[in-house]
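These notes concern the structure reproduced below.
Just so you know, all these numbers are worked out from the coordinates, no wet-lab data involved. Since we're looking at a predicted model, the values are computed, not measured. Note: ideal-geometry Cβ built from the backbone for every residue, glycine included; neighbour counts use all protein chains shown.
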Amino acid sequence: MVCRSSGWLEIGNGDGNMARVIPFERLRAAREERLRQEALEGFPWYRMDRFMDKVMIPTLVYLPEERQIPVCEALYRLAYESFLLGLTASQSIFHDRRLPRIASRPLGWVGIYDEAYEPRGKALIQSIADEFSLSVILADWAVESVWIAMEAMVPEWFSLGVHHGLSQRLEKR
């Protein structure tokens, strides 16, 4: 028997005697921290650096440096969080019996993102834009440019996270 109440997971055999009490929130937090660490270790920083150097810095060059820095931080954060979202998704994708059929779709992981994760990706963009006050930092036209870049980044970095997560899980087999 499993009983969830007040953030604790109690496991018993149904006769009223509980065998073990597990702090459910603490286990979830530890799992999330392990995933964040795995994402941090597997994140392809060189790809993000190249994207910033070739695409975003030239777009932001007109801004004073004190305004460029938070925009760049927001973009790095978005890439990392999108990668983490993909890494997290890779766990359920790995255990999905339809994996060979899903992976062979023409759109691949971006298609998975579009079908199942796009609302979370959009919420992530909005959250990071609000956290870094991008609409305040950027002029109207630059907000649009950065927003378009952010919308393109999320599925790409999600896909990289899924790929990394699946690679790690296949190696552990």
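Quick notes
- Summing Lys and Arg as +1 and Asp and Glu as -1 over all other residues whose Cβ lies under 13 Å from the Cβ of Leu40 gives a net charge of -2.
- Rounded to 0.05, the FRET efficiency of the Val55 and Val110 pair, given R0 = 25 Å and the Cβ-Cβ distance, is 0.85.
- Virtual spin-label span in nm between Glu171 and Arg47, 7 Å along Cα→Cβ: 1.5 nm
- Placing R0 at 45 angstrom, the Cβ-Cβ distance between Glu118 and Glu66 gives a FRET efficiency of 0.85 after rounding to 0.05.
- Normalised per residue, the volume of the convex hull around the Cα set of the range 107-173 (Å³): 94 Å³
- Neighbourhood charge, 15 Å Cβ-Cβ cut-off, centred on Pro119 and excluding it, Lys, Arg +1 and Asp, Glu -1: -3
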